[in-house]
Amino acid sequence: MTDPVIDERNNPIVVDDAASELDSAFSDAGSDTTSLASSILKYHYENGRRYHAYQEGRYLLPNDEKEQDHMDVLGHIFMLILDGKLFLAPIDEHPQRILDLGCGTGLWAIEMGDMFPSAQVIGNDLSPIQPGMYVFYRCQWRLIMANLSYTTRVPPNVQFEVDDIEQDWTYKSPFDFIHARFLASSIRDWPRLFQQVFKNLKPGGYAEFFDWDFRYQSDDGSLKETHEMRINIKEVLRAADIIGQTATPGPHLKKWAEDAGFVNIKEHVFKVPYGTWPKDPKLKEIGAWNQLQALEGVEGWSMGLLSRVLGWSPAKVHVHLAQTRKDFRNPNIHAYAKLYLVYGQKPKPEN
């Protein structure tokens, strides 16, 4: 059974005509569980960015400090969209086992560990960049200036592991809740991933996926085919398709959940603007942070795909990125992407 709840895809975002001067506020901001071995830390360096070593080449986004900051800004955007909630699925009040797929810097898992102190929370990722896994230094000024709570303290009920979620899973006990967000461009076989998630849930347990449709749009036609930001995402999506890594999983999440056997499926669709041009205060704040993550993240999501897959020279990529960033800063381009949140339940026994 499916029941769409929130769907912003057909509601145009109202433009704030007074926003053009405000838009500069952020414009100048710069499963085979594997033990932590030295080989995992022998990172690959290319074009000034650092990439993961375990299952090298599986994931074409960097894992360096700059990308870690970018991931944390994305996490803040997701929290703003969900009004401070960590998830929407109606999970049990006292879950015992929670799994976070592709956990990144581990902040979601840490906050879930604090929220559910009696639960065992596991976060896995290809890179050991979580607190307690590897010593790293973080640039935190953006989060501090926004008065965000930030901690790298790991609760005792949270653990992290280096793992490839596209391999066969070997967990011996099922989970009450499995969570995944921002896996775009990292998964080759999404239906199989959903099947493994379904298999590793307890009957009655929930899975929740939160991911992008990166095909930029504008309701008023202000985003043109000739704009460099649109050229950027088209080329990035083309490169991702060539290597079989879906970069626009959002619109397909509900169908994959249905095919895997989930019930009580609900889909939420959110428009996520770039810049402070929306009139709505919440969208204006989200747009400011989304502009920041785009300015900081565009090199990370572009360099590997454009250079390795499409054969662009680093110099060509950097010229292209400079023009793309100008578009992200342009208050007259009222562009947005869409985020899809889908959750579903593993059926309980009929008796």
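The values are calculated or read from the model by the stated rules, or taken from the named source; none is laboratory data. The structure presented is a predicted model; accordingly, all values stated were derived computationally and were not measured. So basically every Cβ, Gly included, is an ideal-geometry build from the backbone, and we count neighbours across all protein chains shown.
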(Q) Within region 216-230, does at least one residue satisfy the condition of being under 21 Å from GLY304 (Cβ atoms) and within 17 Å of the chain's Cα centre (by Cα)? (A) yes
Q) So HIS320 fits all but one of (1) part of a strand (DSSP E or B); (2) surrounded by fewer than 19 Cβ atoms within 10 Å (Cβ to Cβ); what number is the exception? A) (1)
Q | Residue check for ASP64: at pLDDT 55 or above, more than 21 Å from GLY344 (Cα to Cα) and touching a Cys at 6+ places or on another chain (Cβ under 6 Å) | A | no
Q. Taking region 282-332 as the search range and keeping residues that are among the basic types (Lys, Arg) and modelled with pLDDT of 95 or more, which one is nearest to ILE81 (Cα to Cα)?
A. LYS282
Q: May I ask you to list pairs of residues, at least six apart or on different chains, whose Cβ atoms are under 9 Å apart, with the first in region 80-102 being among the aromatic types (Phe, Trp, Tyr) and the second being part of a strand (DSSP E or B) and surrounded by 17 or more Cβ atoms within 10 Å (Cβ to Cβ)?
A: PHE87/PHE177; PHE87/HIS179; PHE87/TYR206; PHE87/GLU208; PHE87/PHE210; PHE87/LEU341; PHE87/TYR343
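For every residue, the table says whether it meets (1) surrounded by fewer than 23 Cβ atoms within 10 Å (Cβ to Cβ); (2) assigned to a helix (DSSP H, G or I).
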| residue | (1), (2) |
| --- | --- |
| VAL269 | yes, no |
| LYS284 | yes, yes |
| PRO331 | yes, no |
| LEU341 | no, no |
Q | Of the criteria (1) over 18 Å from the mean Cα position of the chain (by Cα); (2) under 19 Å from ALA239 (Cα atoms), which one TRP301 fails | A | (1)
Q. Given the structure, is PRO174 within 14 Å of PHE209 (Cα to Cα) and surrounded by fewer than 18 Cβ atoms within 10 Å (Cβ to Cβ)?
A. no
